[in-house]
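Chemist: So that we are looking at the same thing, I have put the structure below in structure tokens.
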Ligand SMILES: NC(=O)c1ccc[n+]([C@@H]2O[C@H](COP(=O)([O-])OP(=O)(O)OC[C@H]3O[C@@H](n4cnc5c(N)ncnc54)[C@H](O)[C@@H]3O)[C@@H](O)[C@H]2O)c1
């Protein structure tokens, strides 16, 4: 129960990796706010059934007003936020293909959700963490694609590269407040979004496995230990880092 007494807000936790993080943090004793454009309330009920406090907040991370309102609602759960996981992303339904075909509308949507969204939640929550006076933990979801330079989704990869840089700079700004900022870079993971998107034939999965030192598929459960560690007191002197959790595909 190393997170007992802590409150976490996880964006994009209605399903997928975010929901897996919510379950793991709840197992570790944290109270959890699920912030998502979809399934926030129903997923919060599942977390509540685990015996911790939980609240679903419907909010679009790319909308300034939504984030201000959503975070204000979230504070109602316990009066504090100690852990922020920026996990929401435009990802599963994005266009794949040559960079010329992306278009300005989809490019801007990618940057709005993945990069601006992360900025907005940090801007809303960090002042509260500072006022609490007990430090904080920010965990941003990056991607192995940004470490390896994967082709066919330039807007997504660029957005995740921005997350790695943002993580480093924000860590430098917030260290004096005892707020750590780290990132997790997963490989292709069989999350709800990836499964719902379909098109995952054995050939593509085998190609992924071949890039890994541990040659098997990656599951959401493979990532939750890293998130729980980064959220804990034990990670208190670690900041600005990007942890690749991908079976040893990218090696930093
Ligand atoms: N699954 C992978 O292969 C993989 C690999 C590397 C990185 N990631 C990253 O992990 C994170 C989670 O991915 P996932 O696979 O669980 O995806 P997913 O599609 O299963 O879940 C994403 C969640 O984010 C929510 N969301 C989308 N736009 C939002 C918005 N504007 N505001 C609030 N919520 C929003 C969705 O409703 C959904 O619940 C993402 O940041 C993704 O880029 C995933």
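Chemist: Please work out which residue is nearest to residue 75 (Cα to Cα), limiting yourself to the stretch 19-37 and to residues that are touching a strand residue (DSSP E or B) at 6+ places or on another chain (Cβ under 8 Å) and not in a helix (DSSP H, G or I).
Modeler: Among them, the one singled out is 33.
Chemist: In the stretch 72-108, what residues are more than 26 Å from residue 149 (Cβ to Cβ) and surrounded by fewer than 23 Cβ atoms within 10 Å (Cβ to Cβ)? If you could, list the steps in order and put the result at the bottom.
Modeler: Taking the stretch 72-108 and keeping what is more than 26 Å from residue 149 (Cβ to Cβ), we get 72-84.
Once the filter is applied, which keeps residues that are more than 26 Å from residue 149 (Cβ to Cβ) and surrounded by fewer than 23 Cβ atoms within 10 Å (Cβ to Cβ), the stretch 72-108 yields 72, 73, 75, 76, 77, 78, 79, 80.
Chemist: Another question, then. Taking the stretch 141-163 as the search range and keeping residues that are outside any helix (DSSP H, G or I) and in contact (Cβ under 8 Å) with a residue 12 or more places away in the chain, which one is farthest from residue 17 (Cα to Cα)?
Modeler: 152
Chemist: Related question: Hey, among the residues in the stretch 230-250 that are in a loop (DSSP other than H, G, I, E, B) and in contact with a helix residue (DSSP H, G or I) (Cβ under 9 Å, 6 or more places away or on another chain), which one's farthest from residue 143 (Cα to Cα)?
Modeler: In this case the residue turns out to be 238.
Chemist: Give the stretch 140-154 a look and list any residue that's buried (at least 20 other Cβ atoms within 10 Å of the Cβ) and either more than 10 Å from the ligand (Cβ to nearest atom) or over 14 Å from the mean Cα position of the chain (by Cα) (or both), or say none.
Modeler: Scanning the stretch 140-154 gives 145, 146, 147, 153.
Chemist: With 157, 150, 126 as the choices, which residue is touching a helix residue (DSSP H, G or I) at 6+ places or on another chain (Cβ under 8 Å) and closer than 19 Å to residue 241 by Cβ? Quick ask: steps written out before the conclusion?
Modeler: On the way: 157 fails: closer than 19 Å to residue 241 by Cβ; 150 fails: closer than 19 Å to residue 241 by Cβ.
The conditions single out 126.
Chemist: If you check 181, 157, which single one turns out to be within 16 Å of the ligand (Cβ to nearest atom), under 16 Å from the mean Cα position of the chain (by Cα) and farther than 24 Å from residue 135 by Cα? Walk me through how you get there before you give the answer.
Modeler: Working: 181 fails: farther than 24 Å from residue 135 by Cα.
Just one listed residue meets the conditions, 157.
Chemist: Just checking, which of 131, 137 is away from the ligand (no atom under 11 Å from the Cβ) and assigned to a helix (DSSP H, G or I)?
Modeler: Step by step, each of 131, 137 is checked, and only 131 is away from the ligand (no atom under 11 Å from the Cβ) and assigned to a helix (DSSP H, G or I).
Chemist: If residue 1 meets every condition in (1) assigned to a loop (DSSP other than H, G, I, E, B); (2) in contact with a helix residue (DSSP H, G or I) (Cβ under 6 Å, 6 or more places away or on another chain) apart from one, which number is that one?
Modeler: The one condition residue 1 does not meet is (2).
Rule-based calculations on the coordinates, nothing more; no lab input. Just so it is clear, the model here is predicted, and its values are computed rather than measured. Note that we place each Cβ from the backbone using ideal geometry, even for glycine, and neighbour counts take in every protein chain shown.
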